[in-house]
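Notes follow once the structure below has been shown.
Values in this text are rule-based calculations from the coordinates and carry no lab data. Note that this is a predicted model, so its numbers are computed, not measured. Counting neighbours? That spans all protein chains shown, and the Cβs are built from the backbone with ideal geometry, glycine included.
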Amino acid sequence: MKVGIDLIHFATSDYFLGLDTFASQKNIDVEKFTIGIGQEKMSIAPPDEDVVTLAAKAAKAILDQVDPQKITAVLFATESGVDQSKSAGAFLHGLLNLPKRCRVIELKHACYAGAAALQMATALVKSNVKEKILVIAADIAKYDVDSSGEATQGCGAVAMLVKDSPRILALESGSGYYTDDVMDFWRPNHRETALVDGKYSTMVYLNSLKHAWTHFNEETGRTFQDIDYFCYHIPFTKMAEKAHKTLIKKTKSEVSDAQFEEQLSYGQSYNRIVGNSYSASLFIGFCSLLDFAKQNLVNKRVSFFSYGSGCVAEFFSGVIQPEYQSVLMTASHQQQILQRQALSYAEYLNFYHGSDLSQENCILPEHNRGSFRLAAIEEHKRIYIAR
Ligand code: COA
């Protein structure tokens, strides 16, 4: 039985900060960002946008096409949780009017949890073909102002419908994984922003890739040459290029510049202008490959490398299905990107410092133009509205 991604759609916020604006504010050469880390813009969430509203926006386009009453589970991957106890998935379940006969849970391990949710959903469907699972990966990447991470912020959510006979990607069995207890990136409970040892995290990412690849290769027998397109976790697009070079070296493969470009570049276009979206970024990269590839991808094998600081990594693969082009939501992705509004640095700071959500009651100013927004906090309860 084939199991995998039947539909995929991503959402981001209505606003962005250009790295040109950022560079001139900080008096830094813009090429450090456009060339050095390979980023042009970062999506910025206003205070009335969070992972629940981003996820709702991403999932709505899927639920417009399938009967929401048939969804049997929501696996919500995020490291930007909105509550220490109640899962973001439960808020989403309410906003989208999903059926009561449904399981909902939030999964966390830095940027890795989206891949974990996808693998778990696949296993659930394999054990019961009736399962139709909504997998969400949603995050808001936020670092301290004036820290080295500030240029690598962003936000986004990906929704995937995982079922049997998938129309986009059939996941292949066997994967390679790797875990090591390291402190390259972390966010203690009392902090809104992440702490990161940036250079170290890059090193651990690449080391984890080598280990996960070796395991993948041993488990599946698949080689570098068996893979047509490579999707990597993309905190910034230059990281994916470093990863691909590392894998080429590790596998002693011969790859021309044109092949390198073909294997990697389609999967980076959205990430270059959305910024980091932690758990969602690998799958926004996959949307980018699907939407921008010039060749027909049917029967092509795509690999996925997920890396979550701290750290857990996994390398797995899937095969693109014959009907994929007829179910892509490219127009919706591109429309959202085009409709984003540019922020000045001062406007970005205004959103950044936002509203104090630790108050017992507050009403949030209306900036989020999407179908779902966080409207208020009442007696410490988050009040979302759909419109
Ligand atoms: N023109 C072109 N390239 C330039 C440049 C310029 N004017 N100025 C600098 N660069 C290059 C540097 O050579 C470097 O390239 P390299 O990585 O290939 O050596 C790159 O731009 C970044 O410059 P650097 O001085 O290392 O930047 P930084 O100290 O600000 O740190 C990150 C960059 C990515 C480590 C930092 O933004 C960060 O910590 N981000 C968050 C953590 C993260 O995303 N980790 C990834 C693993 S999950």
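Taking each of LYS60/LYS86; LYS41/LYS250; LYS60/LYS163; LYS100/LYS126 in turn, the alpha-carbon distance tops 26 angstrom for LYS41/LYS250.
Mean separation of Cα pairs under 8 Å and 6 or more residues apart, divided by the residue count, gives the chain a relative contact order of 25 percent.
Quick one: length gained pulling ASN350 to SER173 fully straight, 0.36 nm per residue minus the C-alpha distance? Separation in residues times 0.36 nm, less the Cα-Cα distance, equals 59.1 nm.
Given 0.36 nm per residue, what is the gain on full extension from THR223 to SER253 after removing their alpha carbon distance, in nm?
Numbers: separation 30, 0.36 × 30 = 10.80 nm, distance 0.98 nm.
That pair, THR223 and SER253, stretches by 9.8 nm at full extension.
Only bridges with both residues in the stretch 212-365 count here: give the DSSP antiparallel percent, nearest 5. Display every interim value, and only then the final one.
On the way: 8 of 12 bridges.
Counting DSSP beta bridges with both partners in the stretch 212-365, the antiparallel share is about 65 percent.
Taken along the Cα-to-beta-carbon direction at a fixed 7 Å, the label points for LYS108 and LYS32 span 3.2 nm.
A simple rule links phi to the HN-Hα coupling: the Karplus curve 6.51 cos²θ - 1.76 cosθ + 1.60 with θ = phi - 60°, which for the stretch 22-29 gives 4, 5, 5, 4, 8, 6, 10, 4 Hz, with x for Gly and Pro. Across the options ALA113, VAL3, ALA59, the greatest Cα extent toward the positive end of the charge dipole of the chain (unit charges at beta carbon of Lys, Arg, Asp, Glu) belongs to VAL3.
Near the amide H of GLY38, within less than 5 Å, lie the amide hydrogens of LYS238, all on another chain or at least 5 residues away, with H placed in the peptide plane. For the stretch 72-112, backbone nitrogen atoms closer than 17 Å to the point 7 Å from SER358 Cα along Cα-to-C-beta are found at 81-85.
Cross-link reach is defined here as a Cα-Cα straight distance under 12 Å, omitting same-chain residues fewer than 8 places apart; for LYS57 the aspartates and glutamates meeting it are ASP14, GLU49.
Residue by residue, the stretch 339-344 carries 3J(HN,Hα) couplings of 7, 5, 9, 6, 10, 6 Hz when phi is fed to the Karplus relation 6.51 cos²θ - 1.76 cosθ + 1.60 (θ = phi - 60°); x denotes Gly or Pro. The Rg/Rh ratio for the chain, using Cα coordinates for both the radius of gyration and the Kirkwood hydrodynamic radius, is 0.94. Couplings for the stretch 31-48, taken from phi via the Karplus curve 6.51 cos²θ - 1.76 cosθ + 1.60 with θ = phi - 60°, read 5, 4, 8, 5, 9, x, 10, x, 10, 10, 9, 9, 5, 10, 8, x, x, 8 Hz in order; Gly and Pro are left as x.
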